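All remarks here apply to the structure that follows.
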Amino acid sequence: MNDLTDYTIAHQGRRFTRICGLFFRLEKMMGFTLEKVVPWGRSFEEYVAMFALSEVDLQKFILGIGDGPASFNALIHERGGRMLSADPVYAFSGEQIRGRIEEIYDDTIEQVAANAEHLRLERFGSAAALGQVRLRAMERFLRDFEGGKRERRYLSAEFPDLPFADHSFDLALCSHLLFLYSEQLEQEFHLRSVMELYRVAREIRIFPLLDLSHQTSPHLQPVLAELKQAGLQANIERVDYEFQIGPKHMLRIMSD
Ligand SMILES: C[S@@+](CC[C@H](N)C(=O)[O-])C[C@H]1O[C@@H](n2cnc3c(N)ncnc32)[C@H](O)[C@@H]1O
């Protein structure tokens with residue numbers, strides 16, 4: 001959801017209006033309004049690439065945390081797979097989310113274009129072409145959302161406390177939330193959220209490990225140390241996905 005538009009705005013001193021759903025979390029305490037959310041979601045193919053998902057992985061019972069309007073859940077469902085997406089933005093209706101996407105679309109694409117030097121836009125062609133890919137993904141999400149919510153495939157829930165029993169999922173995925181927003185989400189939040197993921201899922205994959213200034217997150221080493229202390233196996237693995245220019249690694253944590 002960030003496409004580095006978040007990064008752009010951070011440097012214009014309007015950071016919180018561009019941190020999409022993250023603003024939601026911060027704003028809740030002060031009275032949240034949808035006008036503050038910038039919904040922006042990735043495609044199924046991007047999820048497969050950034051998490052190095054195999055056909056076997058796609059058969060697992062998957063938790064997507066912070067999925068926003070990404071199309072991954074819709075496509076997993078279409079393929080007959082099983083997954084649940086948890087995100088506080090699902091408290092809104094599909095129409096509300098659609099309206100907000102329409103409102104922010106042009107401005108978001110302008111911000112992507114202004115930051116082209118920090119992004120791998122080549123594979124899309126241009127900021128506008130990237131926008132069309134994102135729009136198609138979000139349209140796919142919107143077509144699936146209300147039905148999926150009734151089927152409890154989309155649930156309004158949030159880090160660091162998840163409403164799931166221990167070991168409910170085979171695999172938990174977290175795209176563009178933990179580590180990316182290192183400045184906004186403190187170390188303690190990261191430690192609690194990762195351990196919570198470990199409680200509810202047998203395997204965890206998190207991407208990216210870079211923050212909004214394209215540096216490896218300062219929370220990564222403390223999280224790795226905590227995992228080691230808990231006796232958990234954690235690997236940093238290279239993946240075939242890059243959007244922010246920088247090392248393309250995901251964190252994989254396994255229970256055995
Ligand atoms: C940058 S977007 C990423 C969307 C999607 N994962 C993707 O890669 O296209 C971040 C998402 O995190 C969600 N979010 C914010 N705070 C959260 C929290 N505490 N727990 C779970 N999700 C949260 C937002 O609502 C938003 O949808």
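Quick note: the coordinates plus some simple rules give every number you see, no bench work behind them. These numbers come from a predicted model, not from an experiment. Glycine gets a Cβ as well: all are built from the backbone with ideal geometry, and neighbour counts include every protein chain shown.
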P(r) histogram, all alpha-carbon pairs of the chain included - 5 Å bins from 0, percent: 1, 6, 14, 19, 21, 18, 13, 6, 1, 0
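Taking only C-alpha pairs under 8 Å that are 6+ residues apart, what is the relative contact order of the stretch 103-256 in percent? Please report the intermediate quantities before stating the final value.
Numbers: 189 pairs, mean separation 32.8, N = 154.
Relative contact order of the stretch 103-256: 21 percent.
Could you give the alpha-carbon Rg of the stretch 107-205 over 2.2 N^0.38 Å, rounded to two decimals?
Details: Rg = 17.0 Å, N = 99, 2.2 N^0.38 = 12.6 Å.
Taking the Cα Rg and dividing by 2.2 N^0.38 Å, one obtains 1.35.
Using a cut-off of 10 Å between beta-carbons, work out the net charge of the residues near Met250 (Lys and Arg +1, Asp and Glu -1, Met250 not included).
Details: positive: Arg205, Arg238, Lys248, Arg252; negative: Glu237.
Once positives and negatives cancel, what remains is +3.
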Label point 7 Å beyond Cα of Glu45 along Cβ direction - residues of the stretch 70-105 with amide nitrogen under 20 Å: 70-80
Two-site label geometry, Ser255 and Asp240: point separation in nm, points 7 Å out along Cα→Cβ: 3.0 nm
Helix-only [θ]222 nm of the chain, DSSP H runs n ≥ 4, -39500 (n - 2.57) each, per residue, nearest 500: -12000 deg cm²/dmol
Pairwise label distance in nanometres, Asp170 with Leu135, each label 7 Å out on the Cα-Cβ vector: 3.6 nm
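Averaging the inverse of every distinct alpha carbon separation and then flipping it gives the Kirkwood radius. What is it for the stretch 168-243, in angstrom units? The partial results should precede the final answer.
Numbers: mean 1/r = 0.0783 Å⁻¹.
For the stretch 168-243, inverting the mean 1/r across all distinct Cα pairs yields 12.8 Å.
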Positive-end extreme of charge dipole, the chain - chosen from Leu210, Gln221, Phe92 (charges on Cβ): Phe92
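Around Glu151, with a cut-off of 12 angstrom between Cβ atoms, what is the net charge of the other residues, counting Lys and Arg +1 and Asp and Glu -1? All intermediate terms of the calculation are to be shown ahead of the outcome.
Details: positive: Arg82, Lys149, Arg150, Arg152, Arg153; negative: Asp144, Glu146.
Around Glu151, the charge tally is +3.
Just to confirm the filter: which GluC sites (Glu not before Pro) across the stretch 43-142 are DSSP coil and have at most 15 other Cβ within 10 angstrom of their Cβ? Present the calculation step by step, with values, prior to reporting the outcome.
Working: sites: Glu45, Glu46, Glu55, Glu78, Glu95, Glu102, Glu103, Glu110, Glu117, Glu122, Glu139; in loops: Glu122.
Answer in residue order: Glu122.
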